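Asks: Dropping the structure in here first, questions after.
The values are calculated or read from the model by the stated rules, or taken from the named source; none is laboratory data. Just so it is clear, the structure is predicted and the values come from calculations on it, not from any experiment. Note that we place each Cβ from the backbone using ideal geometry, even for glycine, and neighbour counts take in every protein chain shown. Calculation scope for accessible area: heavy atoms of the full protein, side chains included, ligands and nucleic acids excluded. Shrake-Rupley method; radii C 1.70, N 1.55, O 1.52, S 1.80 Å.
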Amino acid sequence: MIELDLNEPRFQDDLVALEKAELLAFFKTLRKIRALTWPQLYRDRGLRWESIKSLGTGAYTLRVTKRCRAVVAREGNLLRFLSLHPDHDSAYR
């Protein structure tokens, strides 16, 4: 099972700024992620796991709602959420 870390302060600021519908969609995605294995997460077409080359190694994005991407890092079995980006392109900067 993939463990989730939602404790990054910037991520928390982004999270509480989401509107109710986006927030509900985000938590639905979290439930989905917790049911996956790492290989399944990497291959999932809906989540679209991608490396962020501009931020160096270890930074990735994944789609968490139709409008929003998250910047994440993998640390062992832990998926650490670093920030949320309603504008998909801003996740790559």
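Asks: If you check LEU79 against the conditions, is it among the aliphatic types (A, V, I, L, M), modelled with pLDDT of 95 or more and not in a helix (DSSP H, G or I)? Reasoning before the result, please.
Replies: Values: among the aliphatic types (A, V, I, L, M): yes; modelled with pLDDT of 95 or more: yes; not in a helix (DSSP H, G or I): yes.
Against the criterion (among the aliphatic types (A, V, I, L, M), modelled with pLDDT of 95 or more and not in a helix (DSSP H, G or I)), LEU79 qualifies.
Asks: Tally up the residues in region 11-47 that are open to solvent by less than 70 Å² (accessible area, probe 1.4 Å) and of a type in the set (D, E, K, R), please.
Replies: 3
Asks: Return yes when SER54 is among the hydroxyl-bearing types (Ser, Thr, Tyr), out of contact with any Leu (no Cβ under 8 Å at 6 or more places or on another chain) and either surrounded by fewer than 16 Cβ atoms within 10 Å (Cβ to Cβ) or under 14 Å from MET1 (Cα atoms) (or both) and no when it is not.
Replies: Yes: the conditions hold for SER54.
Asks: Okay, next question. Among the residues of region 65-76, which ones are of a type in the set (Val, Ile, Thr) and in a strand (DSSP E or B)?
Replies: Of everything in region 65-76, those that are of a type in the set (Val, Ile, Thr) and in a strand (DSSP E or B) turn out to be VAL71, VAL72.
Asks: Taking the condition of being among the aliphatic types (A, V, I, L, M) and touching a Phe, Trp or Tyr at 6+ places or on another chain (Cβ under 7 Å), how many residues in region 30-72 meet it?
Replies: 6
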